[in-house]
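Take a look at the structure set out below.
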Amino acid sequence: MNVWGKALEMASHITHPVSVAAVALILAGYLFSMAIKKRQSRITWFLVAVILLLGLAPLLSSAYLQSRGLYLVRVFVLGIDKQPIDDASVTSSNGGEPKKVKGGWEFDIPPQSRPPDGKLKLFASKENAFLAGSSALVLDKDYFPAVEIQLAQDASAMVRGIVIDEHRKSVAGAQVSIAGYSDIAVTDKMGNFVLPAHAANGQMVHLRAQKDQLTADVSAPAGNQPVELVVKRP
């Protein structure tokens, strides 16, 4: 690969407007010096002008956006293997629909939508894989902030429901647990219970309820949908 090829490859990985402008100035300066020394044709001068125009355009655009107070927040999502993924669901605490861009997502946040304290939280998930993650930043002087969200196994859901007997009467004082975990919830006088599911919304968990000689074993999805456990004698 020649020098120009390497330069173009390096430039393709630069996204910040100031860095783009700096690279453009270096390339234009190099071409300018070569044109002076070798008295090259108008094509070289044309290339110098094009490089300067393309290189300075993002910086001028950035200055314009800053004058309007518009933030362009770039979000990159990493999977369990820490590699970028492009099929996640991305949201923000500020609302709004993200735009899909190369390698990630982008939120446009006008000044009137900026949180009073500048704090913004970004969320990402892959529901079919039960993965979720979040990250936070403060909207301040950088109008082109970027943030990475590392996805991990989602275990944030709760499981709730009611314990009843064979006569459909609520059972108070029953102990309810999730298979494989030590958490125990005791039903109230109406037979209701809530406990951590150690799983994501929609993920199947195995519940066990017991009151004296009465027991129940049920598999049900974690989340807000109430689960009914009917305890019986073995």
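For E106, state whether it is more than 22 Å from I80 (Cβ to Cβ), touching a strand residue (DSSP E or B) at 6+ places or on another chain (Cβ under 7 Å), at pLDDT 95 or above and part of a strand (DSSP E or B). Give the derivation first.
Working: more than 22 Å from I80 (Cβ to Cβ): yes; touching a strand residue (DSSP E or B) at 6+ places or on another chain (Cβ under 7 Å): yes; at pLDDT 95 or above: yes; part of a strand (DSSP E or B): yes.
Yes.
How many of the residues in the range 181-208 are in a strand (DSSP E or B), under 27 Å from N128 (Cα atoms) and of a type in the set (A, V, I, L, M)?
Looking only at that region, the number is 5.
Output the residues belonging to the range 219-234 that are surrounded by 15 or more Cβ atoms within 10 Å (Cβ to Cβ) and in a strand (DSSP E or B). Even if it seems obvious, please write down each step before you answer.
Of all residues in the range 219-234, those surrounded by 15 or more Cβ atoms within 10 Å (Cβ to Cβ) come to 220-223, 227, 229-231.
Within the range 219-234, A220, P221, G223, V227, L229, V230 meet the criteria.
Looking at (1) in contact with a Leu (Cβ under 9 Å, 6 or more places away or on another chain); (2) surrounded by fewer than 14 Cβ atoms within 10 Å (Cβ to Cβ); (3) closer than 30 Å to R208 by Cβ, which is the one condition that is false for S177?
(2)
Quick one: which of P98, P84 is without any contact (Cβ under 8 Å) to a residue 24 or more places away in the chain and open to solvent by less than 50 Å² (accessible area, probe 1.4 Å)?
Working: P84 fails: open to solvent by less than 50 Å² (accessible area, probe 1.4 Å).
It is P98.
Scanning the range 198-208 for residues that are in contact with a Pro (Cβ under 9 Å, 6 or more places away or on another chain) and not polar (S, T, N, Q), which turns out farthest from A220 (Cα to Cα)? I'd like the intermediate steps shown before the answer.
Quick first cut of the range 198-208, residues in contact with a Pro (Cβ under 9 Å, 6 or more places away or on another chain) only: 199, 201-205.
Among the residues that remain, those that are also not polar (S, T, N, Q) are: 199, 202, 204-205.
Working: A199: 11, G202: 9, M204: 5, V205: 6 Å.
Top of the filtered list is A199.
Within the range 153-180, restricting attention to residues that are basic (K, R) and in a loop (DSSP other than H, G, I, E, B), which residue is farthest from A220 (Cα to Cα)? Show your work before the answer.
Of all residues in the range 153-180, those basic (K, R) come to 160, 168-169.
Now narrow it down to the ones that are in a loop (DSSP other than H, G, I, E, B): 168-169.
On the way: R168: 19, K169: 21 Å.
Per the stated criteria, the residue is K169.
The values are calculated or read from the model by the stated rules, or taken from the named source; none is laboratory data. For clarity, every value in this text was computed on a predicted model and none was experimentally measured. For neighbour counting, all protein chains shown are included, and Cβ atoms are generated from backbone atoms with ideal geometry for every residue, glycine included. The accessibility values were calculated without ligands, DNA or RNA, using every heavy atom of the protein model including side chains. Shrake-Rupley method; radii C 1.70, N 1.55, O 1.52, S 1.80 Å.
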